[in-house]
Each structure stands twice: as C-alpha cells, then as structure tokens.
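The block underneath contains the structure these notes are about, expressed in structure tokens.
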Amino acid sequence: MFLKSLVTLLGAAVAVQSLPAGESANELEKIASNAGFQRFKYVTEHVRDGDRLSRSSAPNYVWKDSDQNLTADSIKFLQQQEITHVISLNHEANNENITTALQNVGIAYTPLPIVDFGTPTLEDFQKGYEGFKNHRSGTLVWCGFGHGRTGTMISALQIYIEHEKPSPQLLTRQDYDNNHVEEDAQRAILDKLQKVLQQQREEAAKPKPKPQPGSAEYNTQLLKEKCDASGNSPVCMKAGHRCAARFAASEKIENFLNCVEKVQVCLDYYRQDECEEFAAQCQAELGTLSSSFYSMAECTCKKQGKAEGEALKFCIGAIWGQLM
C-alpha cells in the first residue's frame, strides 16, 4: 500500500512538468491524468488487429478504491478516446454514481468488485471477456491504483484473445510482470485459465464418434435431417415428439419416420385418425415426394375435400402454421 501511495505522489509531481516533444504516448498519459485517469495506456501485446484495449487507475483515484469519481472531464476523456465499455475491478465497482454516470453517456459497464490485492475468479474473467468481445474497439479496464487487479484482467483478456488464434501463444511470468500482476494467487488463477482453455481446445479437436445405427443419437440425427429437408422443420419436429410417444425404442426407425410424415400434416386436425389415413394414402401415392411437407399437406387437404381454390389454400396454410 505504501508503494502504491508513493508512486501516486510521484506521478502527480511528474504530471505538472513539461513532457518531451514528440512523445505522443506520454502526452496522452498527461491528458488522461488531467482527466483523472492515472497510468492510462493502450495494450499492444497479445491483441488482434482492430482491438483497442486500454487500462488505467480508477477515475480520480488517490489513496483508496472509494476515491473513484467520474467528473465531466473524466467523461469527456472517455468519449474522446471512444471508450464504449468499462470493466471495473474496483472493490466498489457497483457504486451507483459510477454506474449511472457511464449509463447516461451510453458506455457499457461490467462491474466485477474485487478487494485490493484480491484475485478475480474464472467466472470474473469470462464475464470480462464477454463484455470485451462486444466492445473490442473501445474497452477500458480499471481497478483502484491500476496495477494488480487491472493487470490480472488484462492478462486474462490477452489469454482469451490468444486462444482465438489458430496457434495461441502462452503468456509467461514475464508477461504477467509486464502487466503489473502483483500477487501469487493472481498469477496462479491466470495459469489455471490458460490450462482450462488449452484443455478445451484439445477436447474440441478430438474427432466426434459417429452415432451407431439403432442408437438414440442416430435416430435423432435421422429425424433432424428429415425435418430439415421437409420445408417446415418446427412442425416436423413437433410431429417427431408425438410419434416418439407411440413407438417403443425397439421399433424400426423407418416406421417412426413414416409416422412423422403423416402426423406432421395432422397435428391439429380434429379427426386425427381419419387425417392420418388420408396421409398414409398420400405417402403411397407420392413415394419419395412424401418427404416434402408441402406435397403431403396439399395431398392430404385434397383428400379431405379441400380440392382447389381458397379452400385448398386455407387448408394448406392452416397446416403450415400449426405452431403459430
């Protein structure tokens, strides 16, 4: 805590001195400091083209997390930098004044309150990353002073960004140090995140076993393929659920799929048995065309006496919209 306070005082003293000409990064840091954001900088390592990820202290931080305060100058700076999203790991991240001030100017906010020198969780990392993905071109991370907790979240976002790439580069202890990660527990949770994401990649890369004929997975796949090809998948799938209640697991899949063809055009018909008899006749007459929902609906309607004109059109429309 003493070190953070000392750096804060030194930074304030330097900020009032003139900066060397031509050093745009230093000039930006001075402008940010005048707006209340100490140690503001853009992250350039382990990010992708187009990403604009930045970090700083909490606005107008002096000694403790509760110092945070968004002034008109602070908001103006965020808007000038086109910041559209803030991730806060300040212990008082849910502060109503901060939340409202950002909301009023349309800046998205992900509050993840963590005590000073504390360690975010894997869930916190995930929430931060989800927010970042929605605002890749303008995300700012702060905590209090702007080092440990901020550096930990920055490192986590870099890890996620690396795993978006075909061949991710692992972050090292040196990367953590460069990001000002402070605590062993913070480094440990970052190592764990890298391990979890690597395991997920390896699992996703494993070839998935094909469903065996006769298995529930195989039958479900056949039903999905049939319904996707039918022209009205939602009604077809609803018919599949109804037919599943009629057939034992040992029943031939062909019988089940034939049931689906019939039932899908008779779901809400008040004389179900009669409708399915008509549908069965249509199956025999249409042959392979019976897999078309429209062809089955048209044929079944005609057999119900809705042979032409508006009556036929209404009948087909009613069948087509059975899930509405």
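Data for the structure
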{"read-out": "Counted residues, region 248-264 - those being surrounded by 13 or more Cβ atoms within 10 Å (Cβ to Cβ) and either modelled with pLDDT of 70 or more or part of a helix (DSSP H, G or I) (or both)", "value": "10"}
{"read-out": "In region 61-88, residue surrounded by the fewest Cβ atoms within 10 Å (Cβ to Cβ) [restricted to those that are hydroxyl-bearing (Ser, Thr, Tyr) and outside any loop (DSSP other than H, G, I, E, B)]", "value": "Ser66"}
{"read-out": "Any chance Thr152 is within 22 Å of Ser66 (Cα to Cα) and either modelled with pLDDT of 95 or more or not acidic (Asp, Glu) (or both)", "value": "yes"}
{"read-out": "Meets criteria (basic (Lys, Arg), in the same structural domain as Gly118 (by TED's automatic domain parsing) and not in a helix (DSSP H, G or I)) for Lys195", "value": "no"}
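This table checks each residue for (1) outside any helix (DSSP H, G or I); (2) without any contact (Cβ under 8 Å) to a residue 40 or more places away in the chain.
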{"residue": "Leu157", "(1), (2)": "no, no"}
{"residue": "Ile161", "(1), (2)": "no, no"}
{"residue": "Pro168", "(1), (2)": "yes, yes"}
{"residue": "Gln174", "(1), (2)": "no, yes"}
{"residue": "His180", "(1), (2)": "yes, yes"}
{"residue": "Glu217", "(1), (2)": "no, yes"}
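The values are calculated or read from the model by the stated rules, or taken from the named source; none is laboratory data. Being a predicted model, the structure only gives us computed values, none of them experimental. Ideal geometry is used to build each Cβ from the backbone, glycine not excepted, and the neighbour counts take in all protein chains shown.
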